[in-house]
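Please read the structure below before turning to the comments.
The values are calculated or read from the model by the stated rules, or taken from the named source; none is laboratory data. Remember, it's a predicted structure, so these values are computed and weren't measured experimentally. Every residue, glycine as well, gets a Cβ built from its backbone with ideal geometry; the counts of neighbours run over all protein chains shown.
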Ligand SMILES: [Zn+2]
Ligand SMILES: [Zn+2]
Ligand SMILES: [Zn+2]
């Protein structure tokens, strides 16, 4: 390998210590024995991955694309020795294939093109989990000049399908969160849907790996024996076909009138099927179709499965622009307010009036506590989008229980809480805040398997000589720098 030398005009490709150099470009080469380390690529312009060991190649691609570092996840990645194991998801996560290393110079334009696009991206960091993940998706699509997110059938996925560019950020068992993220993006008008198919998921764990059976309505057994029902025209007798069958030659005769049955449609017919349960002997016409989840063992009638539409999504204009302009989060969070809190705009206005009141009466006191829930995203990720708001409501309630009823709480976004504590000295407000946070940390540690919530906070006396907004900005900046 280290002898690889290729002359194209004046330029040549050289190879040393797993790195190809061509022109001013360096390309990291992962062969089938390379350690599974995504960060190897960060200092280079691109990566080539040997797909001879297909599973090995897949893991490296997944690690690169799921990284949180744009220097890694946006990197051009090419596959070599790949064509035999064509895999749609892997193709979508890579930037093309090489038939031989001679083709490196041909890929330089692609690398350059992706680099140029990367330079245009908005790089401000998203606060909420959805924004972080979806911005990654938008950035990847933008730098590849793609606009579509389409589901690909995938038996290893929990929901049976995968949207590779989104799904790569999740484990297979978290796949339903991909649907949550896409729902969120749809609500925010970043994508528009084109109906593709519908899946039915376990209503407990959202897995699509369910096993369906016809079951007995009285004992739930799936050991059923279906039988034709026979109707003898001349005497009107109706019964299961086994009652008519001669044990020796299998001919049919009527158990009521003993006549032989000759021609279906002429002297008898089979109006329907009847089922007999071999466990409880119950005979019935309508069985129940039940679905047993192979993941969590939940066993429900199919009508209770979770029906979920799968769509092919295309980026809207807003979605295409957001790669460059960023996703505005204040806009998102203010739309929905959390029970027991006021939205941040309202809070802002209230603080404006509070300052006016303080100006006219110097005895009034007001404190502002800003709390950053630093790693709360890890919980949001676990509870899923649907439960995130519920968690915010709980957090608000815990804080609320530890301050005075007249004090006000607001979420600027889902990691930043601001409280207005009135008529207390700064030291008291500080103590109240500290206690409320302690309570919150304890409750979270108890409810989320010893998850340690990391918080930062600062309490200040509200000043009258400066707008609340600028005071708030100062505090959040100080906290961010901590
Ligand atoms: Zn039964
Ligand atoms: Zn008969
Ligand atoms: Zn389940």
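Which condition number does residue 107 fail, the rest of (1) part of a loop (DSSP other than H, G, I, E, B); (2) touching a residue at least 60 places away in the same chain (Cβ under 8 Å) being met?
Of the numbered conditions (1) part of a loop (DSSP other than H, G, I, E, B); (2) touching a residue at least 60 places away in the same chain (Cβ under 8 Å), the odd one out for residue 107 is (1).
For the structure I just gave you, tell me whether residue 233 is more than 29 Å from residue 207 (Cα to Cα) and within 14 Å of ligand 2 (Cβ to nearest atom).
Working: more than 29 Å from residue 207 (Cα to Cα): yes; within 14 Å of ligand 2 (Cβ to nearest atom): yes.
Yes, satisfied.
Taking residue 395 as the residue in question, decide whether it is outside any helix (DSSP H, G or I) and either outside the structural domain of residue 449 (by TED's automatic domain parsing) or at pLDDT 85 or above (or both).
So residue 395 does not fit the description; no.
Grab the helices (runs of 4 or more DSSP H) fully contained in segment 129-248, keeping just those with 3 or more residues being out of contact with any helix residue (DSSP H, G or I) (no Cβ under 8 Å at 6 or more places or on another chain), more than 16 Å from ligand 1 (Cβ to nearest atom) and outside the structural domain of residue 91 (by TED's automatic domain parsing).
Numbers: elements: 129-143, 164-167, 175-187, 241-244.
Counting at least 3 such residues, we get 175-187, 241-244.
Which condition number does residue 181 fail, the rest of (1) under 12 Å from the mean Cα position of the chain (by Cα); (2) closer than 30 Å to residue 288 by Cβ; (3) more than 16 Å from ligand 3 (Cβ to nearest atom) being met?
Only one criterion is unmet by residue 181, namely (2).
Looking at residue 27 and the list (1) more than 22 Å from residue 151 (Cα to Cα); (2) part of a helix (DSSP H, G or I), which single condition is not satisfied?
Residue 27 satisfies all of (1) more than 22 Å from residue 151 (Cα to Cα); (2) part of a helix (DSSP H, G or I) except (2).
Any idea which of 208, 177 is surrounded by 14 or more Cβ atoms within 10 Å (Cβ to Cβ), closer than 27 Å to residue 302 by Cβ and touching a residue at least 60 places away in the same chain (Cβ under 8 Å)? Break it down stepwise before answering.
Values: 208 fails: touching a residue at least 60 places away in the same chain (Cβ under 8 Å).
That would be 177, the only listed residue that is surrounded by 14 or more Cβ atoms within 10 Å (Cβ to Cβ), closer than 27 Å to residue 302 by Cβ and touching a residue at least 60 places away in the same chain (Cβ under 8 Å).
Residues being part of a helix (DSSP H, G or I), at pLDDT 85 or above, surrounded by fewer than 18 Cβ atoms within 10 Å (Cβ to Cβ) and within 21 Å of the chain's Cα centre (by Cα): count how many of those fall in segment 320-378.
1
Considering only residues that are under 30 Å from residue 221 (Cβ atoms) and either within 14 Å of ligand 2 (Cβ to nearest atom) or in a loop (DSSP other than H, G, I, E, B) (or both), which ones fall in segment 254-280?
Let us first name the residues in segment 254-280 that are under 30 Å from residue 221 (Cβ atoms), namely 255, 269-280.
Matches in segment 254-280: 255, 269, 278, 279, 280.
Considering every residue within segment 56-67, establish whether at least one is surrounded by fewer than 21 Cβ atoms within 10 Å (Cβ to Cβ), modelled with pLDDT under 95 and more than 24 Å from residue 163 (Cβ to Cβ).
The answer is no; no qualifying residue exists.
Kindly indicate whether residue 275 is out of contact with any strand residue (DSSP E or B) (no Cβ under 8 Å at 6 or more places or on another chain) and within 14 Å of ligand 1 (Cβ to nearest atom).
No.
Would you mind stating whether residue 311 is more than 30 Å from residue 189 (Cα to Cα) and more than 16 Å from ligand 1 (Cβ to nearest atom)?
Against the criterion (more than 30 Å from residue 189 (Cα to Cα) and more than 16 Å from ligand 1 (Cβ to nearest atom)), residue 311 does not qualify.
Counting only residues that are in contact with a strand residue (DSSP E or B) (Cβ under 7 Å, 6 or more places away or on another chain) and within 26 Å of residue 163 (Cβ to Cβ), how many does segment 108-141 have?
Total satisfying the criteria: 4.
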